[in-house]
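The values are calculated or read from the model by the stated rules, or taken from the named source; none is laboratory data. It should be emphasised that the depicted structure is a prediction, and the values quoted were computed from it without experimental measurement. Here the Cβ is made from the backbone with ideal geometry for all residues, glycine too, and neighbour counts use every protein chain on show. Accessible surface areas use protein heavy atoms only, side chains included; no ligands, DNA or RNA. Shrake-Rupley method; radii C 1.70, N 1.55, O 1.52, S 1.80 Å.
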Amino acid sequence: MSKSLLIVESPTKAKTLGRYLGRDFIVKASVGHIKDLPKNKLGIDIEHDFRPDYGIIRGKKKLIKELNDAAAQADAIYLGPDPDREGEAIAWHIAEEIEAKGKPIYRVLFYELTQKAIREALAHPHALNKGLYDAQQTRRILDRLVGYLISPLLWEKVKRGLSAGRVQSVALRLICEREAEMRKFDPEEYWTIEAQLLPAPVATQIADAEGPAKGANRPFTAQLWRCKKKKCKASSGEEAHALTDALKPLSFVVGKVEQKTRRKYPYPPFITSTLQQEAARKLRFSAKQTMSVAQRLYEGMELGDEGAVGLITYMRTDSTRLSQDAVEAARSHISESWGQEYVPAKPVVYKSKAGSQDAHEAVRPTDVHRTPEKMARHLTREQLSLYTLIWKRFVASQMAPALVAQTTVDIAAGDFVLRATGSVIEFSGYMILYDESQDNGESGEKSEELLPALTEGQKLSLLEVIPKQHFTQPPPRFSEASLIKELEERGIGRPSTYAAILSTIVEREYVLLQKQRLYPTELGWLINGLLVASFPNIVDADFTAKMEKSLDEIERLEHPSQELLAQFYGPFEESLQSAQSGMLNLKTAGWPTDLLCPKCDLPLRIKWSRNGPFIACSGYPECSFTGDYERDEKGHIHLVTDHSTGETCEKCGRPMVLKRGRFGVFLACSGYPECKNTRSPTTGIPCPREGCTGELAERVSKKGRRFYGCNRYPDCTTLFWDRPVLKTCPACASPILLEKQSKRFGVKRVCPNPSCSYEEKDRSEDDSKVAEGKS
């Protein structure tokens, strides 16, 4: 009986496919790429049309032999890595290494792992796509040229281990430029004037014997809008209080009442970028985490008796297109679950943005009847959260629009006009299931307080006039969601690259992610400054976007790849040669500042050592002044004076001062360089070892891992990898507990005594969640 060999890149995907295909197919996994550029050299032959030097990845020769053994048993070979540029490169390299011996090699594209989709893909295979492969290879070569030729410069000028990237450096620049905007921003004061008003009863408001009409006498708020037919502005407290005093004696009358109903339409189903943005806002997932979980949902989850089933379509896409079968299934489910009034008259069709490749469908569930409730017992918490988001967004995209009633009331008071607005959701439509979050985590649409029934000419009673002070706000720092949106709108990167861009700049410590916002670190700030000065094109957003368009043209076979590489490399080589001598060296010359040396009045410069940034006199070696510095909210640099600790050096008796180094704060003798004594600051928690008089101090291992050890080391070798808490164990009376953290269980405290199994949940974490919910 004839068999075919199907090779995919993932073992999970292979398992799912194997369940559907049975004995007719041998299904194998390449476990990612089998060939790549060398790690220890450039691997690009620039003199010969930028020819890449691909080699078998270490450890993959055995796997290639297994694939060839399987190919020997098959009549045909099908290559099924992911349907994108990266997947095409994997398929291309497998085709180069497989010993087909005249057997046909086909390319199959699995956009979803369901029985119908799998059979359809295998029934209509393709040839390998040269345009897609060339585009991936050209991107790889461009990235290799930038990374391997600029990074050594940064090692020489700053420190080893740094990297530059063709797209990551542009993302870093955007973050730094936003930070610069915030630092330059000067808030401006302005005031708003609100009036609390009460409608006077009118004849038309009197209802039957049961009493007045609903809401007739409810107070409401109106805001001062116009003064003498001009927009009313108050930029100081004096102006605001003058307007307040002018309003108090006036009569207030309803001038104009405008009511209208608007339709609020559902959002299109997810594409890669919008999925990453919404998962960041609603679930607080990083882009990398979102793509990792989505990959797992696509490749297949074990669903009991059903076996492994792909739950979502392919997650790297820029198209909002949906199949007819998927739309019809969604409409049927909506009718059954919420009623026919929630089903629009015609299926909703979304237009993909200009420039999208439209090769794949939008991200959606493979079967709408696999609701999140039914999948809950088969998925982890994060898998279920993301699946729920995808499922709801897809179903909502095919639901009827919401109807929002809006009322605008203009109120006359002498020469002033006040305005009150209110809205209420009359028909929830798709919002009964889903509404998109804004970047601050708030819902996209909320019902405002319903205004009372008002009629033109109706008199109003003034209850109170309230002036409120405000200040203009700077543009906010990027979140992961808003940075992805910015990159997408500027045409920088592609769906498959956003997660890698963000994770790289965070892992390289160029950017710090705090409270869901991206802050440039001092290292990131300085690296960006060096790159902007020496490689303005490489870190230019418009130039990078143009390169992305050229890569798309290569994919469509409209632009020769060698031509693009040559156009890029000529100016790049000139910038590279110029940077060899012209780029500032932070190890020696340093970054200029406006500060003067307190010892000799020469300019101070920022330098970089293995312990991080510090400030030093430009007159070195004649003047050896060095010190720490910090930036204020405007980015201005200030010298940091050594903080006295009240402790004395046990070696020379001088005061110990607090300093900051590579691994955080430490105590150092103020007599440096004559005395070089240092030690870690203690936590104030006594060492739990019986008879020891020391205290636990926070330290850092040679590999950079934090631990807590007794400050009487080596006399006492007590050591803990978890943070100690000064609390007695109620079970065994140990003087301390250890605080352990995990994603699954959160924070808990455990007894360090090996013979005691006591543990407790950290109640402060619950308290913070309660407080967050109340706020």
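Key figures
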item	result
Aspartates and glutamates with Cα under 19 Å of Lys61, excluding same-chain neighbours fewer than 8 positions away	Glu9, Asp36, Asp53, Asp69, Glu96, Glu97, Glu99
Overall form of segment 468-517 per C-alpha gyration tensor (a/c, 1.5; a/b vs b/c)	oblate
Segment 341-414-segment 577-618 distance, computed between alpha-carbon centres (Å)	54
Simple spin-label estimate for Met182 and Lys676 in nanometres, 7 Å along Cα-Cβ	3.9
Global form of the chain, assessed from the alpha-carbon gyration tensor, a/c cut-off 1.5	oblate
Added length on full extension, which subtracts the Cα-Cα distance from 0.36 nm per residue, Glu336 to Lys468	42.6 nm
Most to least packed among 97-107, 481-491 [average Cβ atoms within 10 Å]	481-491, 97-107
Ranked by how many other beta carbons lie within 10 Å on average, peptides 747-753, 8-14, 633-639, 85-91 from highest	85-91, 8-14, 747-753, 633-639
Rounded Å value of the spacing that divides the Cα centres of segment 217-258 and segment 83-114	70
Relative packing of 504-511, 189-196, which averages over residues the other C-beta atoms within 10 Å, highest first	504-511, 189-196
Number of Lys pairs (Cα under 25 Å; 8 or more positions apart or on different chains) in segment 547-685	14
With every protein chain in place, the chain: carbon and sulfur % of accessible area (1.4 Å)	50
Å² per residue, accessible surface of the chain at 1.4 Å	52
Cα-projected label distance for Glu573 with Ile56, points at 7 Å along beta-carbon direction, nm	3.4
Protein-only accessible surface order, largest first, of Thr645, Thr588 at 1.4 Å	Thr588, Thr645
Label-point separation in nm, Gln223 to Glu120, each point 7 Å along Cα→Cβ	4.9
Full-stretch length increase - Asn611, Thr588 - with 0.36 nm per residue and alpha-carbon distance subtracted	6.8 nm
